[in-house]
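See below for the structure under consideration.
The values are calculated or read from the model by the stated rules, or taken from the named source; none is laboratory data. Keep in mind it's a predicted model, so treat the numbers as computed, not measured. Reconstructed Cβ throughout: ideal geometry from the backbone, glycine too, with neighbour counts over all protein chains shown.
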Amino acid sequence: MKRIALTGLSLALLGVAGVAHAQSSVTLYGVIDESIQYVHNANPAGDSQWGLYQGNLSGSRWGMKGSEDLGGGLKAIFQLENGFDPNNGRLGQGNRMFGRQAYVGLSHDAWGTFTVGRQYDPLVDMVQGLTGDNYFGSAFATAGDVDNNDNSSRTSNALKYVSPVFAGFQFEGMYAMGGIAGQTGAGQTWSAAASYNNGPFSIAGGYFAASNPAGNVVTRTGWSSSATSDGTFDGSNINAAYASAKSINIARVAAQYVTGPFTFGLNYSNAQYKSDAQSGFASSEKFNTGQGFLNYQATPAMLVGVGYSYTKSTGDTGATYHQVSLGADYSLSKRTDIYLVGAWQHASGTTRDGSTGAIVDAQASIGSYGYGGKSSQELVNLGLRHRF
């Protein structure tokens, strides 16, 4: 038997040739982001940890996307994208084959884009791109990623509309149906956002609300698999105890200004983990976060940046998190870059332990990495990212 090897380009060409009359296209793409990581105070015992870590600036992924011209400016579009860990080859996002994105839809330059499937919410699409996390990844994310600054959550069963751009203004809305018989609205997620871009200045804001179904239990044990949203829990002690919340509600706003080689940005978020009779905590927990960053394009190939994040929790418990982040990214080519990112965080006050539910001293936990240690923590990643 002869072997037949097809490259990504040849597959794409076959896809185009097969339906050339419809002016269709299919693109295969991917990212591998790998690093050597050091964490100080990686656990409550204060131990340090060395290891390999993937997905600092970009989550490693493989995917395909395409479009078909239907005539009159209308196109059919689709995207399938999985996440994986290059250290062991395992799928990410709950071992889903296409856990990052899986949708189909219609797009028109004058009418906008409507898609159905597993997707990012409007806050990720419009607000996250104006934050430091967009440039240097998880080391610049909110403590514990309580506000989904680092895109920890995606939404299944979602219907999403994105408007065309009107004089720099654009809006987006999403609704995900819970699909639970006899419980209209249980497990649903909805979100809306708007953005405005005018030359060097950009601003965006929006709201996200995800429901956690109750089920036939006295007390929820965590974030339900029946919820359309993945939830925002990365294993840290900052918000792990609130996975039994009735809902997660997040409001975010961000602004960015570019002048010469400098990019300056500010953003604010309010994340609320609301309780009910079936939650494992009595009072809702609120996280208010203010962040800022400054990037400098030192050369066409070299970008450096610094960021600061302040998070204050109130309600069920009260804690304060200060985080300082540094990053440098050097492009070896259009597809390959090397980077060095790091952060320091200090925590004070009290929080609720994610395992026992007891009130304990707050632990530092940088970004969305999920290491819960002592009152302070330092983390450094030296990495390589390749796009294909």
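Descriptive notes on the structure:
- Residue list for region 83-95, filter: surrounded by fewer than 20 Cβ atoms within 10 Å (Cβ to Cβ) and in a strand (DSSP E or B): L91
- Hey, Q49 farther than 23 Å from Q128 by Cβ and either surrounded by fewer than 17 Cβ atoms within 10 Å (Cβ to Cβ) or not hydroxyl-bearing (S, T, Y) (or both) or not: yes
- Hey, A193 on the phi < 0 side of the Ramachandran plot, out of contact with any Ser or Thr (no Cβ under 8 Å at 6 or more places or on another chain) and crowded, with 20+ Cβ neighbours inside 10 Å or not: yes
- Selected residue (only one of N148, N157 is buried (at least 23 other Cβ atoms within 10 Å of the Cβ) and either in contact (Cβ under 8 Å) with a residue 12 or more places away in the chain or outside any loop (DSSP other than H, G, I, E, B) (or both)): N148
- Region 55-82, residues that are buried (at least 17 other Cβ atoms within 10 Å of the Cβ) and small (G, A, S): G55, G59, S60, G63, G66, S67
- Whichever residue in region 210-248 is of a type in the set (V, I, T) and touching a helix residue (DSSP H, G or I) at 6+ places or on another chain (Cβ under 9 Å) and, among such residues, is nearest to Y273 (Cα to Cα): I248
Let's see how each residue does on (1) within 20 Å of the chain's Cα centre (by Cα); (2) assigned to a strand (DSSP E or B):
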| site | (1), (2) |
| --- | --- |
| W62 | yes, yes |
| K75 | no, yes |
| S107 | no, yes |
| V124 | yes, no |
| S152 | yes, no |
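- Here region 333-388 is the region considered, the condition is being among the aromatic types (F, W, Y) and assigned to a strand (DSSP E or B), and the residue that is nearest to A240 (Cα to Cα) is W344.
- Of all residues in region 269-283, those satisfying the criterion of being polar (S, T, N, Q), within 13 Å of S247 (Cβ to Cβ) and modelled with pLDDT under 95 are S275, Q278, S279.
- Flag for A42 being of a type in the set (A, V, I, L, M), crowded, with 17+ Cβ neighbours inside 10 Å, modelled with pLDDT under 95 and in a helix (DSSP H, G or I): no
- Looking across region 265-311, the residues that are within 23 Å of I248 (Cβ to Cβ) and either among the aromatic types (F, W, Y) or free of Cβ contacts under 8 Å to residues at least 12 places away in the same chain (or both) come down to Y268, Y273, A277, F281, F287, Y310.
- Evaluating F98 against the criteria (1) aromatic (F, W, Y); (2) within 24 Å of G187 (Cβ to Cβ); (3) surrounded by fewer than 17 Cβ atoms within 10 Å (Cβ to Cβ) leaves one unmet condition, (3).
- Filter pass, S313 being under 26 Å from A209 (Cα atoms) and modelled with pLDDT under 95: no
- Qualifying residue in region 296-309 (condition: among the aromatic types (F, W, Y) and either surrounded by fewer than 15 Cβ atoms within 10 Å (Cβ to Cβ) or under 18 Å from G137 (Cβ atoms) (or both)): yes
- Residues in region 106-122 include none that are surrounded by 20 or more Cβ atoms within 10 Å (Cβ to Cβ), out of contact with any Cys (no Cβ under 8 Å at 6 or more places or on another chain), modelled with pLDDT of 95 or more and of a type in the set (A, V, I, L, M, F, W, C).
- From the list T314, T299, the one residue that fits, being within 24 Å of the chain's Cα centre (by Cα) and not aromatic (F, W, Y), is T314.
- Candidate set: region 249-262, residues that are without any contact (Cβ under 8 Å) to a residue 60 or more places away in the chain and either in contact with a helix residue (DSSP H, G or I) (Cβ under 8 Å, 6 or more places away or on another chain) or closer than 24 Å to F169 by Cβ (or both); chosen: the one surrounded by the fewest Cβ atoms within 10 Å (Cβ to Cβ): T259
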